[in-house]
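Q: The structure under discussion is supplied below as structure tokens; questions concerning it will follow.
The values are calculated or read from the model by the stated rules, or taken from the named source; none is laboratory data. Predicted model only: the values in this text are computed from it and were never measured. All Cβ positions, even for glycine, are placed from backbone atoms using ideal geometry, and neighbour counts span all protein chains on display. Calculation scope for accessible area: heavy atoms of the full protein, side chains included, ligands and nucleic acids excluded. Shrake-Rupley method; radii C 1.70, N 1.55, O 1.52, S 1.80 Å.
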Amino acid sequence: MNIADVQIVSILPQTLLLAAALVVFLADLVWKDRKGIGLLALAGVLATFVATVVMLAGPGVPTFQHMAAADRFALVISLVMSAAAVLAVLVSLDYIVRVDLPAGEYYGLLLLAASGMMFLGAATHLMTLFLSLEILSIALYALAGIRTTDIRAGEAALKYFLLGAFASAFLLYGMALLYGATGTTSLAGIAAAVPSVQTDPMLIAGLALLLIGFAFKVAAVPFHMWTPDVYQGAPSSVTAFMSVGAKAAGFAALVRVLVAVFPTLYAWWVWPVGVLAVLTMTWGNLAALAQGNVKRMLAYSSIAHAGYILVGVAAGEAGVSGVLFYLMAYALMNIGAFAVLIALERAEEDAAGVELERMRGLFHRRPWLAAAMTVFMFSLAGMPPLAGFFGKLYVFSAAVRSGLLVLAIIGVINSVISAYYYLRVVARMALAAPAEEAEPARCPALTIGTGIAAVGTVLLGIYPTWLLNLVQGTLAVLFGG
Amino acid sequence: MLAYAWLMLLFPLLGVLINAFFGRRIGKRAVSWVACSAIGLSFLVALGVLMGTAGSTGVEQPLFTWISAGSFHVEFSLLLDPLSALMAAVVTGVSFLIHIYSIGYMAEDPRYARYFTYLNLFVFAMLILVLANNYLMMYVGWEGVGLCSYLLIGFWFERKAAADAGKKAFIVNRVGDMGFALGIMLIFAMFGTLQFSEVFRRAPGILGPAAVTAITLLLFVGATGKSAQIPLYIWLPDAMEGPTPVSALIHAATMVTAGVYMVARNHVLFDMAPTTAAVVASIGAATAFFAATMALVEKDLKRILAYSTISQLGYMFLAVGVGAYAAGMFHLTTHAFFKALLFLAAGSVMHAMAGEINIQKLGGLREKLPRTYAVFAVGAAALAGVPLFSGFFSKDEILWRAFLHSPVLWLVGLGTAFLTAVYIFRALFVTFWGETRAEKKLWEHAHEAPAVMSIPMLILAVLAVIGGYIGLPRLSLVEGYLEPVLHAEHAAEAGATEWVLLAVSALIALGGIALAYYLYVVRPAVPANLSKQFAPLYTLLSRKYYVDEFYMAVVVEPLRQVGRFIAELFDPRVVDGAVNGLARLAGVCGEGLGTLQNGRVRSYALSILVGVVIILGYFLLR
Amino acid sequence: MDAIRYLLILSAVLFSIGAAGVLIRRNALVIFMCIEIMLNAVNLTFIALSRQLQSLDGQIFVFMVMAVAAAEVAIGLGIIVSIFRHKPTTDVDDVSLLKG
Amino acid sequence: MTATPLETVLFIAFGAVAIAGALSVILARHAVYSALGMLVNFVALAAMYIMLSAEFLGIAQLIVYAGAIVVLFLFALMLIGGRRPAEQGRLTGGLAAAGSALVVVFLAEIAYLVMRLTGTAGAKGTVTPDVIAQLGHIQLLGATLLLEYILPFELASVLLLVGIVGAVMLARARRQSRQE
């Protein structure tokens, strides 16, 4: 193992993001135009998106020693991340001017967080895994608190930070135990050693703590308690990005560790993951029912969606493609929903999110915006033929195929419950508008972002084949084999 | 003609797109032309297909590959066989007439274009459901009609009742869809494909008795949601909040029959599962009877028809439950004619009386609305099963097959037939006969509907009369037509018994009408006295057996409470209280509990630690 | 008891003390110190295991953890200072506007 | 891993000091004492690292943790905590009790794990203390870090960048740009 094993192309998307972040930081020093800096960031994420697509089409699996690999799994995660980042930058362009956020730091940290997420998806070594997780976490802690004029943003950042650091201590402990049990920190090495040590308590405990660490990142019950507060307190564009990005990154790591490294211990981890899935979707949905604030409702709904995805994780190898598909679908529909909230949000009063009552009459004032929101809500509720429906279909039918019928049943029941609160938003939009209501923001970038998300949500539903082909059999090449 | 079957889907889709994007610009006239001609053309294609598929066991016509990824392969293709062709023809035909009717009925509505967009979208979704060659496509259509139903029931969403009814329909339907979705997933897990032909071909080899019972039961749960059977029928009466043509189209003639169609489509599986078939037949019979009793005391004309729809759907499930799929489809067809007719006539009454729909505030309308009265009477006769009207033949076919299967089911069916005759003629007599009880101003303004509304009614009236002859017991056009698909076993020629039963049901129908005549025309005071004498029963019926209240108390409220509880659980006081309670219980810490303040971040960390300890413990002790 | 078990138990004890501190202290700074104690406990595990396994991986990991700790401290103190500007408190119980 | 009696005594002594330091972090009345307890803990650990033939990390521990991080904490304490010396109610009731109980269970779980350990099963590497002594710890670590672990090394630098930018952004007093 030496420097010659480095195929630098393997970390091309991440490097592009890092470079873009540096450009943004430098530009911020000399240039006070916040939109211009946003456009720079947009160029960066678009370049990353293109690079990812090109690499997906390319042959072979470039690796960076045994630290990271640009296998299909990693590239699909990169695709989700760069799509999420493109949308997040689009919805931010106008928003950060409106709520007065510092552009350089905002976009720079966003890009750095995105690169951390992509590294996490590509990591094939515990050390890369840990460091990229910390990059994305620390960047998100800072982004959550970026609205320093609002104490609630500070509170969100503090809660996220303290609990995140607490959870990552457990994760790190798990890594230490895995190292102790197998004598190596590379995932391939651990995977090779697992059959010979099988039920060594140190290995088992390491696996358990790793599961816990990632469960925190994806906001699984009972490690989810930070989620609603942080999502509500952070600026909406940040929430949009982190609800999608951090979740996808967490799931990427979880799937890679559980499914690729510990397949022989499937019987051990399937039930904890299954129970987490049940708790997570049920808790998230029930709590979302009671919310009067749409942003907070979406926070609980994101917990519920983590539960659905966990059903796919519990399905093991059969569920991997479903999980990836779901993550892409979720990225589109959730950022889309937040984009609509951003359009509605007024700078001062709505720092903690838009109340349900504010949705009133949107169909009359901005029919297209309301139509897009309807698409997102129906997709989140799992209506065919939208992206969310297929996501659920794939993860649940994977669970059925793996003999986890109970999980699928509970999942489907949950998605029925969820229809109730998503529908409430749609119904509210159809009511007559109160007269004194302020006009929702109009901004080309925001419109484009919402439009892309809506069209994507519909397209993934009526023609899912291309993405399905992409996510099929990603596991076969997990270690560049 | 079969090669052009895809046009059937294309026309409504074009209608949707044109009206959605340009509807507000091109004016009402153009909107109606677009919408109606889309469905009309679609109907013509459907007729061609109906003729083209006669005698064929079905052709699959692939349009494009929808999903193809690894082993998961779903074609978007049309399954054209007698069953789907008949259904498509009924759907497009009835829809076409209702589209025409809507031109008049919705003429004043400000959201005219949107209405027709939804209507076309509905037909499109319904055709996808009907023409699907695989479960996934069927499910998409299935949810699609549910969505359109939501949009159309809540069309006048300014009215809270309408918005609520839309929501209720959607959620209740989703409960049923949940069963359907799980059934589909099970099928996919066992077969690896979702294509009907493959599944049916391999079913006998793959499915054991338990598996086939599970799958069919799940599919039937889906059917109970869409087709408003016990226990999921509660959405349909409320769905009458939508515009009346919508009630006619969706909640009588087409969408609600999707469940029956789905069971018939899956008859191979249902034939393999006698337990499920028995459940289907019993639920069908029970629903038929139960809904008819509620219709007896209802005062809202449209709701009477809604209960009647539920009841008639019960008949259809009774039919498919006893294996008489062709009879079920036959009744589905005749019911589509006469129920659409009854709804349109009710709409015509509303149109004349400024929206008044309470039959106790109507009366005597036969002199003001003679045409409406006539067509309503035809529809009522068909529904009641008066001999020589269409409903007579189809209902009798079902009763006859039920009798062969189980006399108990037959008795329930017969009782329902009697109640049906009573309640529908009660509606007829109270609305159209006697002295008017309407407000004077309304009465004076009452007028017949324009031609655009009455012509569709007349056509439907004709169909409601003659529709039955296509399925005469001896002629059996429907059964023969569907034979290649459904392989209907020909019931033994029973001769005398069959004729006796025919006579019995005819007498029952006429007896019911006579009773209604006695109660509501000859001695109108009797019903009021009866309802006083049997007050508890009357209340029970008029409150619809308190089922809505039951669901509210047992399902909806607890869920909401749990949600609220979870949200509040981490309110500092509650956490503190709970934790303190635990601590006191454990006797760990006995002092200073009262003065403590709660730290939220720390209670979150506590929750993390709980998870850590449990998961780590599980892994170590396993 | 051989040395590795002793060291593993020692680090587990330190880790647990840190975790307990997170739960019982209300001062955000002290909670944060407790998290640092937890990280250090893991570091000790890594170095003990590294010695036992005769591999350098564990030590490199510790090196990385130090970098992570440094970055975390920077951000964490930044957040605490930024909240302090609105509300002169370091008590985490005083910071609970978001709930429900 | 065998240890001489002297080493054993030293291990136990440093271990005791580390535990004492950690305990004083969570029990000290004043946050400044907590910080000092943390310092004690860090120094004891540094000593143990050196005894475990990780000299470089021992030194780094002293510089990074005992030096920079503790100082940062003290600095922050002086900046914001100075006015409120005592934290009211250190051990706060039910939550603390429940938390401590859970922590004890967690510790028991790990202890159970360690007791059931049959000796780490992973293949032993070649980096024995003798090798380290021969080649020098810093050289060995440096070479590994920059050849084998170049990617994590770079990631660590990105991480520090994130930390710097984030901290500066959060801690600087923001002018309201609206008022400019």
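Q: For the range C:2-86, rounded, prolate or oblate, judged on the Cα gyration tensor with a ≥ b ≥ c (square roots of eigenvalues), a/c < 1.5 rounded, else prolate if a/b > b/c?
A: oblate
Q: Something else: With all protein chains present, how much of the accessible area of the range C:2-86 (probe radius 1.4 Å) comes from carbon and sulfur, to the nearest whole percent?
A: On the way: 610 of 1020 Å².
Percent of accessible area from carbon and sulfur atoms in the range C:2-86: 59.
Q: Grab the beta carbon distance between D:Leu147 and B:Glu557, set R0 = 56 Å, and tell me the FRET efficiency rounded to 0.05.
A: 0.30
Q: Pairs to check: B:Lys299/B:Lys441; B:Lys302/B:Lys368; A:Lys392/B:Lys167; B:Lys28/B:Lys339; A:Lys217/B:Lys226. Give those whose C-alpha atoms are more than 30 Å from each other in this structure. If you can, show how the numbers build up before the last one.
A: Details: B:Lys299/B:Lys441 22 Å; B:Lys302/B:Lys368 20 Å; A:Lys392/B:Lys167 22 Å; B:Lys28/B:Lys339 28 Å; A:Lys217/B:Lys226 40 Å.
Among B:Lys299/B:Lys441; B:Lys302/B:Lys368; A:Lys392/B:Lys167; B:Lys28/B:Lys339; A:Lys217/B:Lys226, the Cα-Cα distance tops 30 Å for A:Lys217/B:Lys226.
Q: Please give the total accessible area that chains C and D bury against each other, computed with a 1.4 Å probe and expressed in Å² to the nearest 100.
A: By this definition, chains C and D bury close to 7100 Å².
Q: Also, I was wondering about something else. Please report the relative contact order for the range C:2-86, taking Cα pairs under 8 Å with a sequence separation of at least 6, and give it as a percent rounded to a whole number. Let's see the in-between values first.
A: Values: 64 pairs, mean separation 22.9, N = 85.
That works out to 27 percent.
Q: Further question: Would you mind giving the total buried accessible surface between chains A and B, with a 1.4 Å probe and ligands, DNA and RNA left out, rounded to the nearest 100 Å²?
A: Working: alone 16780 and 25960 Å², together 37190 Å².
The summed interface area works out to 5600 Å².
Q: Let me ask something additional. If I compute solvent accessible area with a 1.4 Å probe over the protein chains, what percent of it on chain A is carbon and sulfur? Don't skip to the answer; put the middle values down first.
A: On the way: 7550 of 10900 Å².
C and S fraction of accessible area: 69 percent.
Q: Anything in chain B that counts as a DSSP H helix reaching 24 Å or more along its axis (C-alpha) with Kyte-Doolittle mean of at least -0.5? List them, would you?
A: B:7-52, B:82-105, B:112-131, B:135-153, B:160-191, B:209-226, B:274-297, B:301-321, B:325-352, B:407-432, B:496-517, B:600-621
Q: While we're here: Where in chain A lies the longest segment free of GluC sites (Glu not before Pro) that are both loop residues by DSSP (not H, G, I, E, B) and have at most 12 other Cβ atoms within 10 Å? Don't skip to the end; give the middle numbers.
A: Numbers: sites that count: A:Glu348, A:Glu349, A:Glu436.
Of all site-free stretches, the longest is A:1-347.
Q: In whole Hz, with x marking every Gly and Pro, tabulate ³J(HN,Hα) for the range D:19-35 from phi via Karplus 6.51 cos²θ - 1.76 cosθ + 1.60, θ = phi - 60°.
A: Each residue of the range D:19-35 in turn: 5, 4, x, 4, 4, 5, 4, 8, 9, 4, 6, 10, 4, 5, 5, 4, 4 Hz.
Q: Tell me the accessible surface of A:His364 in square angstrom (1.4 angstrom probe, heavy atoms of protein chains only), to the nearest ten.
A: 90
Q: Under the classification rounded if a/c is under 1.5, otherwise prolate if a/b is larger than b/c and oblate if not, where does the range B:44-107 fall, given a ≥ b ≥ c as square roots of the Cα gyration tensor eigenvalues?
A: oblate
Q: Greater than 29 Å separation of Cα atoms is the criterion. Which listed pairs, B:Lys168/B:Lys395; A:Lys35/A:Lys295; A:Lys32/A:Lys159, meet it?
A: The pairs that break the limit, which is 29 Å between Cα atoms, are B:Lys168/B:Lys395; A:Lys32/A:Lys159.
Q: Turning to a different aspect of this structure: Per residue, how much accessible area does the range B:145-276 show when a 1.4 Å probe rolls over the protein heavy atoms, in square angstrom? Intermediate values should be presented prior to the final figure.
A: Details: 3100 Å² over 132 residues.
Result: 24 Å² of accessible area for each residue.
Q: What is the percent carbon and sulfur in the accessible area of the range D:1-86, measuring with a 1.4 Å probe over the protein chains and ignoring ligands?
A: After summing per-atom areas, the C and S share lands at 80 percent.
Q: Starting from the Cα of B:Ser56, move 7 Å in the Cα-to-Cβ direction to define the label point; list residues of the range B:77-96 whose amide nitrogen is under 12 Å from there.
A: So the set is B:78-85.
Q: Using only alpha carbon pairs under 8 Å that are at least six residues apart, calculate the relative contact order of chain B and give it in whole percent.
A: 11
Q: Follow-up question, since we're still on this one. Going by a 1.4 Å probe on protein heavy atoms, which residues of the range B:55-86 end up with at least 50 Å² less accessible surface in the whole assembly than in their chain alone?
A: B:Trp66, B:Ala69
Q: I need the calculated FRET efficiency for the pair B:Asp164 and D:Val9, taking r as the beta carbon distance and R₀ as 56 Å, to the nearest 0.05.
A: 0.10
Q: Taking both sides together, what accessible area is buried at the A/C interface, probe 1.4 Å, expressed in Å² and rounded to the nearest 100? Spell out each step's value before the answer.
A: Details: alone 16780 and 7370 Å², together 20470 Å².
So the buried area, both faces added, is about 3700 Å².
Q: Also, I was wondering about something else. When only Cα pairs under 8 Å and 6 or more residues apart are kept, what is the percent relative contact order across chain A?
A: Relative contact order for chain A comes out at 17 percent.
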